[in-house]
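Below is one structure; the comments refer to it alone.
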Amino acid sequence: MGQAATVLYTAKTNTTGGREYGLSRSSDGRLDVRLSTPGSARIGANPEQLFAAAWSASFESAIAIAARERKIVPPAESSIEAEVDLILGDAGYFLSARLTVTLSGLERDAAKDLVADAENICPYSKATRGNMAVTITLV
């Protein structure tokens with residue numbers, strides 16, 4: 001990497017039962033979720049939903065960081081709609097995603113700049129870059 005890095009936080013979870021009948025709990029007890037497969041009638045979130053929630057939350061925080069760096073008042077109302085597809089192809093399972101960003105009350109060019117900056121700040125966007133198809137749309 002070439003630069004000093006500091007671990008800010010380590011999430012630790014324990015999952016048993018996999019995606020179909022799983023339970024996932026965090027070491028601090030704040031996350032305690034039943035898992036299920038997409039489309040199942042069984043109570044529980046699926047891993048794609050959890051990934052979409054985590055990424056959209058991180059991306060919205062990245063927009064706020066970008067706004068502070070640009071000395072722009074962050075929009076009072078913003079939202080990120082994340083869609084994560086679980087796909088089965090010839091090479092096996094893979095993911096694709098779409099993020100739809102709404103930044104109410106900002107000039108269009110300023111909003112575009114914040115989204116572009118957030119793509120470079122958000123650790124989930126960095127992790128997925130080049131690894132899966134991602135579309136980010138500003139509405």
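Values in this text are rule-based calculations from the coordinates and carry no lab data. No experiment lies behind these values; they were computed from the predicted model shown. Quick reminder, even Gly has a Cβ in these numbers, built from the backbone with ideal geometry, and neighbours come from all protein chains shown.
Here are the numbers:
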| quantity | calculated |
| --- | --- |
| Partner lysines for K12 [C-alpha distance under 28 Å; skip if fewer than 8 residues away on the same chain] | K126 |
| Charge dipole of the chain about the Cα centre (unit charges at C-beta), most positive-ward option of L50, L88, T15 | T15 |
| Hull volume in cubic angstrom per residue (convex hull over the Cα atoms of the chain) | 167 |
| Kirkwood hydrodynamic radius over Cα pairs of the range 1-45, then Stokes diffusion coefficient at 37 °C and 0.692 mPa s, in µm²/s | 266 |
| Fraction of antiparallel bridges per DSSP, the range 47-138 only, in percent to nearest 5 | 70 |
| Helix axis angle, 108-121 relative to the chain longest principal axis, alpha carbon, degrees | 50 |
| Using alpha-carbon coordinates, inclination of helix 47-69 to the longest axis of the chain, degrees | 20 |
